[in-house]
């Protein structure tokens, strides 16, 4: 199987760096990053990643709004999306899950097992 | 008393007895009694009737009526108001004279002015009227001894005393009632809460100013109107006891506002209901504050977790050796940093959690669960901790169905089991049981640890209320697990308590309401309430969404994360629908359909396959037994998913 490509959309540079190392250096995936919903949509359309990790609370286009845009475009409609969120109250998780994402990864996460969590949510063989 | 300078003299709180409002209602018994007295004249007289007396009496009575109606009583001195009753004694004397003098029964009419003054005037007026009664009998004796013999003195004394007794007793009663009415009215009028009383048919009887203001009406606009439609969705009528609820009321302009209200029937001594009292308060502001608090808690949680994500991530990468191996001491330091970051995250989660649960703003998503599943899953989740601490966990459970929020009860059980493990000496056992009682399921988690001292048996359920201040450090808890567990149980209508003997261990007990069905009784043919779907899904979040979605279709979800368990559950649950994830730990979802194929005696069950995997044609054929729908996770809109599942349910087992 070819190398997995992941797109991370998160406005926090520190978190982007941690995820890049976690999924890049540790799991050996190709990691693309975008710091805003709009940049993320552009990158997703151009690169067609295997999965998009999407922060929920972002200035401008937030996670659910970005998801809407991604679902509205032919190039990105089929790409599975996982929310990554620090707003991980039970009620919020249920609401996010009902928006039609493949899963929700609460922050903080363990960088050594992040790729396993992503793979498990998508049914990939890790 | 002469009014100096023409200023009418009236006492404080004086009410004009002849005020127009309600005059007829107050006066009609007096008019009627006098009217009847005139009508009965022909049959009452012992001899010939003196028609001059009758005509003068009638004229006097009409003059009294005219005076009452036409004199501007509000502007004349209060003293003058006594004249109509006093003049009435003249009417009484004329009628007595017309009907046989001392022997006439018309003497009883003296009670009418006494009653009038006792009911509607003051103490001074009553005394004046009693003097009038006395005169009514004494003057005729002095004037005409033939028709009114000396013996009538006794009659005068007796009737005056009787009048005094009736007058003063009536006046005391009336004052008492007025005082109570004034107090009650002051309370009702000044109350910030809205208060409305209704007839049993819903007509407004009394509406206090707060109620009228909140509803945008004048009180008089609501009195007499049917008010059942003020409530947007629900009803005031409450059979025997109080009804307390959260509702929306409708304003005059059609807008609505949230209220907390109670409606209480007014019960008479004979058990009948004479009306309903509704009290309510506008909780718009409270709702807004709750919303702001929720948002604040959510934002604070987010703002705290975001830097922790970077810290935890960086530390995790270092501890994982991504940047090369550290020496032992360096590793030890990093492990300390990682575990304390994790601890800080748990603390934040617990604080936010208890805040929301205790305020009752987290609704419990109640579904039908099995007690044995809950215990097994909780023990499974705590197995790692138990092994690390060298403590065994055993269980003894009678399977019972109960209505509970699966995840929250798991949280309760894992909190209790985790505590029990922490406080158990190495090599000991933690024992978890669940047994049915008449209408509850009784769970227990027992350890052989140090127990809880008598003075701490309640404080351990308070926030940060650990037995020993050093426990937070030594045992790694915060003192929030038990309060969270108790709140969750209480939100289910159960209770949680501890039995303990210091030095010999503690047993935590809690009860949850049982489901009315027994295990295995969930029957597809028993109507909507009994319809259950078996959801085989190992992603707890997704399971929760599916559960909520199925509940909207009137179907209860029995969720299991494993295919092996699903096979066992099929007989117990008799599901009307099987929702199947294919990617599971252990045997995959295909095994469940294989089981159905191998057991043709099981009635056909429609299957919804919901998976992330792109299925091969071979897999699809293997999964298709009867009606089968295929969905790929994340690629179907939730509404579309729900609609098609609803259609499938209707086709398969129409809800009758």
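Each value in this text was obtained by applying a stated rule to the coordinates, not by laboratory testing. The structure presented is a predicted model; accordingly, all values stated were derived computationally and were not measured. Every residue, glycine as well, gets a Cβ built from its backbone with ideal geometry; the counts of neighbours run over all protein chains shown.
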*asked:* Can you tell me the length gained on complete extension of the stretch residue B:630 to residue B:213, counting 0.36 nm per residue apart and subtracting the Cα distance?
replied: 144.4 nm
*Value of Rg/Rh across region A:1-106 [Cα atoms, Kirkwood radius]*: 0.94
*Once every DSSP H run of n ≥ 4 in the protein assembly as shown is given -39500 (n - 2.57) and the sum is divided by its residues, what mean residue ellipticity at 222 nm do you get, rounded to the nearest 500 deg cm²/dmol?*
-15000 deg cm²/dmol
*Taking each residue of B:294-305 in turn, how many C-beta atoms of other protein chains fall within 10 Å of its C-beta, and what is the average?*
3
*Over all pairs of distinct alpha carbons, what does the Kirkwood formula give as the hydrodynamic radius of the protein assembly as shown, in Å?*
34.0
_Among DSSP bridges having both ends in the protein assembly as shown, what percentage is antiparallel? Round to the nearest 5._
55
*What's the extension gain from residue B:444 to residue B:267 if we count 0.36 nm per residue and subtract their Cα-Cα distance?*
59.3 nm
*In nm, to one decimal, how far is the residue B:459 label point from the residue B:48 one, both placed 7 Å along Cα→Cβ?*
10.5
_Peptide A:109-117, shielding by other chains (average Cβ, 10 Å cutoff)_ = 4
_Contact order normalised by length for chain B, with contacts defined as Cα pairs under 8 Å and 6 or more residues apart; what percent is it?_
6
*Which of the peptides A:107-119, B:158-170 is most tightly packed, and how do the rest follow, going by the mean number of other Cβ atoms within 10 Å of each residue?*
A:107-119, B:158-170
*Treating the angle as unsigned and between 0 and 90°, give the value, to the nearest 10°, between the Cα long axis of helix B:111-120 and the longest Cα principal axis of chain B.*
40
*Relative to the compact-globule scaling 2.2 N^0.38 Å, provide the ratio for the alpha-carbon radius of gyration of region A:12-59.*
1.12
*In nm, what is the difference between 0.36 nm times the number of residues separating residue B:639 and residue B:587 and their Cα-Cα distance?*
15.7 nm
*So how tilted is helix B:371-389 from the main axis of chain B? Cα-based, degrees 0 to 90, rounded to 10.*
50
*Listed peptides B:70-77, B:175-182 by packing density, highest first (mean Cβ within 10 Å)*: B:70-77, B:175-182
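How much of the DSSP bridge set in chain B is antiparallel, in percent, rounded to the nearest 5?
70
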*asked:* I need the calculated FRET efficiency for the pair residue B:599 and residue A:30, taking r as the beta carbon distance and R₀ as 45 Å, to the nearest 0.05.
replied: 0.45
*Give the calculated FRET efficiency between residue B:650 and residue B:287 to the nearest 0.05, with a Förster radius of 35 Å applied to their Cβ-Cβ distance.*
0.40
*When you look at the Cβ of every residue in B:320-329, what mean number of other chain Cβ atoms sits within 10 Å?*
2
*Kindly provide the pair-distance distribution of chain B built from C-alpha pairs, with 10 Å bins from 0 and whole-percent values in order of increasing distance.*
3, 10, 14, 15, 14, 10, 6, 7, 8, 7, 4, 2, 0, 0
*Please find the FRET efficiency linking residue B:615 to residue B:383, where r is the Cβ-Cβ separation and R0 is fixed at 25 Å, and quote it to the nearest 0.05.*
0.15
*Simple spin-label model, 7 Å along Cα-to-Cβ: residue B:181 to residue B:326 in nm?*
8.4
